[in-house]
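The values are calculated or read from the model by the stated rules, or taken from the named source; none is laboratory data. Just so you know, these numbers come straight off a predicted model, no measurement behind them. In this analysis, Cβ positions are derived from the backbone assuming ideal geometry, glycine residues included, and neighbour counts consider all displayed protein chains.
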Amino acid sequence: MKVRVDELSDSGRVLHFHETEAWFSTRIRSGEDADEIALDRPINVDLELVPEAEQIKLNGQVQGAVRLRCSRCLQDYVLKLDEPIDLLLLHPLSADTPEEIDLRPEDLDKGFFDGVTIDVDLIVAEQIFLALPQQPICQPDCQGLCSGCGEDLNREACKCEKRETTSAFDVLRSVKLEK
């Protein structure tokens, strides 16, 4: 969804919409990890866009649930999303601005728009990406899989033989340090 800036009234515009699996598949699910994330229930978006001089203040909420695959035990689980959005959208950088600039912490709540339209879909997708964990874990105490037999250690103990692991540092166990 794109919003034309010239169609915003001085008091702003309120948007309420829902995103479905079709939107999610094109905006979020892509690349080699596409099978590790799915929409569990529709994404509900409530936004308010208010013009302030040459800027647009964007506030709102993104709610929904996604199904992720745990990076330890490979089981699917549901992550609920309830993410606030608080951005200040600015016109693009001028031509004389250097190609690379250092961001300060206060710059992280700013975004850019082309001066004509605001791509709301892109902003919502970005907020969902930022809410996703880098390494999804189904529960904090997830035991993962047995490295020997592949058994899910959250469900039952593995039945494989316990192997003695050897390390080059094992010889240090016999070293006695004097104080």
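Any residue in the stretch 6-23 that's closer than 17 Å to R67 by Cβ and assigned to a strand (DSSP E or B): show its pairings with residues that are among the hydrophobic types (A, V, I, L, M, F, W, C) and modelled with pLDDT of 80 or more at Cβ separation under 6 Å, as long as the two are six or more apart or on different chains.
E19/I43
Can you list the strands (runs of 3 or more DSSP E) found entirely within the stretch 34-136 that contain at least 1 residues being at pLDDT 85 or above?
Numbers: elements: 37-52, 55-69, 76-90, 110-112, 117-119.
Once the strands (runs of 3 or more DSSP E) in the stretch 34-136 are filtered for at least 1 residues that are at pLDDT 85 or above, what remains is 37-52, 55-69, 76-90, 117-119.
Looking at (1) at pLDDT below 80; (2) of a type outside the set (V, I, T); (3) surrounded by 10 or more Cβ atoms within 10 Å (Cβ to Cβ), which is the only condition K162 fails?
(3)
Does the stretch 117-159 hold any residues that are at positive phi and either surrounded by 13 or more Cβ atoms within 10 Å (Cβ to Cβ) or hydroxyl-bearing (S, T, Y) (or both), and which are they? If you could, list the steps in order and put the result at the bottom.
At the first step, the residues of the stretch 117-159 found to be at positive phi are 144, 150.
Once the filter is applied, which keeps residues that are at positive phi and either surrounded by 13 or more Cβ atoms within 10 Å (Cβ to Cβ) or hydroxyl-bearing (S, T, Y) (or both), the stretch 117-159 yields only G144.
Starting from residues that are part of a loop (DSSP other than H, G, I, E, B) and in contact (Cβ under 8 Å) with a residue 40 or more places away in the chain, keep the ones in the stretch 140-160 and report whichever is farthest from V50 (Cα to Cα).
Start the filter on the stretch 140-160 by keeping residues that are part of a loop (DSSP other than H, G, I, E, B), which leaves 140-144, 146-151, 153-160.
Then drop every residue that is not in contact (Cβ under 8 Å) with a residue 40 or more places away in the chain, which leaves 142-144, 153-154.
Numbers: C142: 44, Q143: 47, G144: 47, L153: 51, N154: 49 Å.
The selected residue is L153.
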